[in-house]
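Structure, as structure tokens:
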Amino acid sequence: MKIRLLISAWCIACCALLVVARQTLAADTGSSAIEQAVKAAYLYKFLGYVQWPPGAFVKPDAPFVIGVAGSDEMLAAISDLAGHHQVRGRPITVRRVAAGSALDGVHLLYVDEQGYAQADQLLKQAGRKPILTVTDGGDGGIIRFVLDDGRVRFSIALGLARRQSLVLSSRLLSVAASVDEGAAK
Amino acid sequence: MTTPLRARAVPRLSRSPGRAPAARRAILLAGFCLTGKLALAAVPPDYADLSLEELANIRVTSVSRKAESLADAPASVYVITAEDIRRSGATTLPEALRLAPNLQVARVDARNYAITARGFNNPFENKLQVLIDGRTVYSPLFSGVFWDAQDVVLQDIDRIEVVSGAGGTLWGANAVNGVINIITKPAGATQGALAAGTVGEHENDEAVRYGGKLDGNGHFRIYGKHAEHDDTRREGSGALDFDGWHRDQAGFRADWGGGNDMLTLQGDAYEGRLRQPGTSDIRIAGANLLGRLGRTLGPDRVLRAQAYFDHTERDQPGAYVEHLDTVDVEAQEALRVAGRHSIVWGGGYRLAQDRVRNDVNFAFLPGSTDLHWIDVFAQDEIALHKRWKLTVGLRAENNSYTGTEYMPSFRLAWKPDDKRLAWASASRAVRAPSRIDRDLYAPTNPAIVNGVPQYFLAGGPDFVSEVVKDYEIGYRAQPLPALSYSVTAFYDVYDSLRTLEANPDGPGLVFLNNGDGEGHGIEMWGNWQAARGWRLSAGLVAQHLQVQTRPGTVNAASGTSIASNDPSHYWMLRSLYDIDERRQLDLTLRRAGALAMPVVPAYTSLDMRFGWKLSPRLELSLIGRNLWDSRHVEFGQPLARAEFERSILLQAVWRL
């Protein structure tokens, strides 16, 4: 009897805790500088593990272009990193994009789905091009950042990648928190 | 308290050899823990130099301040990673623990293990603190762990942190010789479906897990698992040992949040049957539920609170029936004060309601008792200088038997550069009495002569805590980007060890604390990324432990009490080789030195795994165990002990 009481009390306490936590969690969406720096580093690393179709680059040494639809801080973090690094001999350039922007020449598109109101429209635009879409706080991209136990991990929608003629390396898949076929066939 | 050591305290080598400036990398390798600190210190490290795996391990919010301190504060810590476990072919928790070079793991039979660090090994080993996701699993009945009742889905383990040496300040009573901290992945990292199964001639296990999303940035997983093992055979005669078992377990975990707040709720329930000779099966069952809340109040302040309820049952015919209910609540705060002090402090309370129904041979008296533990601790990590760090901590823990025990520690670290760390420590830890030390009587119903019960064993009314003073020095370095190692030398002084002696106040024998001991040794391990896709690692422990009874006293229980039966050395070598992107060949060679009493010959064992990724979703592994010789024994009395044969297992892991 005592045990049953204890268990019931415990369950009630947990539920109460959940309710309180849910309310406080809802108010908190800020991300730290360190989180942005880690995400920026991921974007840079992703470039090395994805194959774009022939024709995605105009010249053999043409730069990788990262399009960013997110906060100024995130844009700064990515630009900062891009300025000091190359991938496979190509420099990296970063530019801010918005829904309706011409996405020609963009290889990787980072969209903060929570912070950018027209994220859906932008992703739809990118969906017809060989652009690696990476999204934050939503599930529209080929790669989606997820925060787990305080760590930034990512999941992959393989079907979307295929539809956009991108080949993701098996190493990238093996590090992903999850890999699913994604919406498209 | 739980604790993700955010860190591989040992400089780990990167799996992708390469271009990274070693210094940068070493910062993170020497402890991902540092990320929290770096954030505080506003030093932007160049994350672009890290591998994908390393990025995935960086804490972007620092919740477990204490753990960071522990990892950064120098100690002999080895972290078994999920990858290590996957490639070892281990199918049970104790087998996975063999991967830690600083643990002695001896298999006793199909379900019992003797596991310790720094000696005193036997199946009733009682000087380790063991936690699964922050839940203490050593039994207050005997201070040891019923390894036959502990399980998790091995694919869901994030890492196992193994600390050898006294860890009482942060981990509480019982962390005398070490701490084993088993940490499962957050639910967000186990999304989708997984089905895993292993089948061998004498054992099999099956697990299914499904993970999905919850409202409010949350994730969950649920799992079910079944595992079973046949009886082993006895050395010599080859007779069945009646030690087979089967166990069913199910559970869940849900995590919410990110950013500054995190909430975890998890629970498990299990039921199992364990065979033992001469009686019907031992029945085990249990369930637990745990909630944990982490909140970052600013760059310099993190709070964490945890509570759990744990119920276990063990119905062991011919011995006892135990029902144990444990409630545990704890909270801690980590803060930075005046720039150079990183303080963690907190406290907790645990209540264990132990209900034992005794059999005739021996009895825990009183059968039912409530045990309480109340603790407060504080630790300050002081940056004395850019290269010097002093960590001072103290825990005061009150237990039902001996009152308040103090567990202080002092650690000094010198970090000449990002690739090297030298440290020294002095700490004190205690093993507070458990029920077996105080309440064990035999027989249950003794003859009574002149009103005095004639017990053969009359408890240990005067038994007090066993104490260790642990002195260590350590060094770890990463001289090359692809090479890292760690060396720790220790000197441990034990006093008040348990002895069994003539009862000064009546008939029979009682437990007293007339044993003293001294241990010293060296623990070392290293990692070498010999080539892309080929990693070699090695570990070695050489040790000497000497125990004696105090002058004028006689220990009547030489076999089970202070006696230690430990190898003078044990080592292992591992090779993890990627044949190509889909196939892997992994070898583990282990050697354990001979044991003296009872005599167990030294043995060598070779485990092999051939892994084949048929697709990104399906991986098959062919596992060979104990390939070195046809059979060997690891622990126990000659001819009465189980022997372990060469065996082949096939494992499939399917992810959807």
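Read-outs: derived from the displayed coordinates by stated rules, not from any lab. Worth saying up front: this structure is predicted, and the values here are computed from it rather than measured. Cβ: placed from backbone, ideal geometry, glycine included. Neighbour counts: every protein chain shown.
Work out the length of the dipole vector of the protein assembly as shown about its Cα centre, built from +1 on the beta-carbon of each Lys and Arg and -1 on the beta-carbon of each Asp and Glu, and round it to the nearest 20 debye. Please report the intermediate quantities before stating the final value.
Numbers: 93 positive and 93 negative charges, 593 e Å.
With Lys and Arg at +1 and Asp and Glu at -1, about 2840 debye.
State to the nearest 20 debye the size of the charge dipole of region B:63-221 about its Cα centre, where the only charges are +1 on K and R beta carbons and -1 on D and E beta carbons.
Numbers: 15 positive and 18 negative charges, 78 e Å.
So the magnitude is around 380 debye.
Helix-only estimate, please: 222 nm mean residue ellipticity of chain B, summing -39500 (n - 2.57) across DSSP H runs of length 4 or more and dividing by its residues, to the nearest 500.
Values: 8 runs with 50 residues, N = 656.
Helix-only estimate at 222 nm: -2000 deg cm²/dmol.
Have a look at A:46, A:116, A:68 and report the one farthest towards the positive end of the charge dipole of region A:36-180, computed about the Cα centre with Cβ charges (Lys/Arg +1, Asp/Glu -1).
Looking along the dipole axis, the top candidate is A:46.
Please find the FRET efficiency linking residue B:645 to residue A:51, where r is the Cβ-Cβ separation and R0 is fixed at 51 Å, and quote it to the nearest 0.05.
Working: r = 48 Å, r/R0 = 0.94.
For R0 = 51 Å, the calculated efficiency reads 0.60.
So what are the radius of gyration and Dmax for the Cα set of region A:36-180, in Å?
My reading of the Cα-based Rg and Dmax gives 13.8, 42 Å.
What dipole magnitude, in Debye to the nearest 20, does region B:569-620 give about its Cα centre under +1 on Lys/Arg Cβ and -1 on Asp/Glu Cβ? Can you show the working numbers first?
Values: 8 positive and 6 negative charges, 16 e Å.
Value, rounded to 20: 80 debye.
With a cap of 15 neighbouring Cβ atoms within 10 Å, and only residues DSSP puts in a loop, list the trypsin sites (Lys or Arg not before Pro) found in region A:65-139. Before the final figure, lay out each step's value.
Details: sites: A:88, A:95, A:96, A:124, A:128; in loops: A:88, A:128.
Sparse-neighbourhood loop trypsin sites (Lys or Arg not before Pro): A:88, A:128.
Taking the dipole about the Cα centre of the protein assembly as shown, with the C-beta of Lys and Arg at +1 and of Asp and Glu at -1, give me whichever of B:129, B:556, A:137 is farthest to the positive side.
A:137
Which of the trypsin sites (Lys or Arg not before Pro) found in region B:305-414 are loop residues per DSSP with 14 or fewer other Cβ atoms within 10 Å of their Cβ? All intermediate terms of the calculation are to be shown ahead of the outcome.
Details: sites: B:314, B:336, B:340, B:350, B:355, B:357, B:386, B:387, B:389, B:395, B:411; in loops: B:340, B:386, B:387.
Here the sparse-neighbourhood loop sites are B:340, B:386, B:387.
Short version: ³J(HN,Hα) in whole Hz for each residue of region B:83-96, in order, from phi by Karplus 6.51 cos²θ - 1.76 cosθ + 1.60 (θ = phi - 60°), x for Gly and Pro, what are they?
5, 4, 5, 4, 7, 8, x, 5, 10, 9, 4, x, 5, 5
Using only the alpha-carbon atoms of region B:457-512 as identical scatterers, what base-10 log of I(q)/I(0) does the Debye formula give at q = 0.16, 0.24 Å⁻¹?
Scattering profile of region B:457-512, log10 relative to I(0): -0.64, -0.90.
Over 27 Å between Cα atoms: which of A:45/B:613; A:45/A:129; B:127/B:386; B:127/B:389; B:415/B:469; A:45/B:419 fall into that group?
Numbers: A:45/B:613 24 Å; A:45/A:129 21 Å; B:127/B:386 36 Å; B:127/B:389 29 Å; B:415/B:469 25 Å; A:45/B:419 24 Å.
Table pairs above 27 Å Cα-Cα are B:127/B:386; B:127/B:389.
Rounded to two decimal places and with Rh computed the Kirkwood way over Cα pairs, what is Rg over Rh for region B:442-488?
Numbers: Rg = 26.2 Å, Rh = 16.3 Å.
That ratio equals 1.61.
What is the gain in length, in nm to one decimal, between residue B:456 and residue B:656 on full extension, counting 0.36 nm per residue of separation less the C-alpha to C-alpha distance? Intermediate values should be presented prior to the final figure.
Numbers: separation 200, 0.36 × 200 = 72.00 nm, distance 5.97 nm.
Here the segment from residue B:456 to residue B:656 would lengthen by 66.0 nm.
Calculated FRET efficiency, residue B:361 and residue B:226, Cβ-Cβ r, R0 30 Å, to nearest 0.05? The partial results should precede the final answer.
Numbers: r = 33 Å, r/R0 = 1.09.
According to the calculation, E is roughly 0.35.
Taking GluC sites (Glu not before Pro) as exposed when DSSP calls them loop (any state but H, G, I, E, B) and at most 12 other Cβ atoms lie within 10 Å, what is the longest stretch of chain B free of them, the sites themselves excluded?
Details: sites that count: B:201, B:581.
With a cap of 12 other Cβ atoms within 10 Å, the longest stretch comes to B:202-580.
Which Cα, out of A:127, A:158, A:173, lies furthest along the positive dipole direction of region A:123-185 (beta carbon charges, K/R +1, D/E -1)?
Most positive-ward Cα: A:127.
Sorted from largest down, what three extents in whole angstroms do the Cα atoms of chain B have along their principal axes?
Per principal axis, max minus min of the Cα coordinates gives 81, 57, 49 Å.
Starting from the Kirkwood radius over alpha-carbon pairs of region B:265-401, derive D by Stokes-Einstein at 10 °C in a medium of 1.306 mPa s and give it in µm² s⁻¹.
Stokes-Einstein gives a translational diffusion coefficient of 87 µm²/s.
Counting other Cβ atoms within 10 Å, which chymotrypsin sites (Phe, Trp or Tyr not before Pro) in region B:453-497 have at most 15 and lie in a DSSP loop? List each step's numbers first, then the result.
Details: sites: B:455, B:456, B:463, B:471, B:475, B:485, B:490, B:491, B:494; in loops: B:455, B:456, B:463.
Passing both the DSSP loop test and the Cβ count: B:456.
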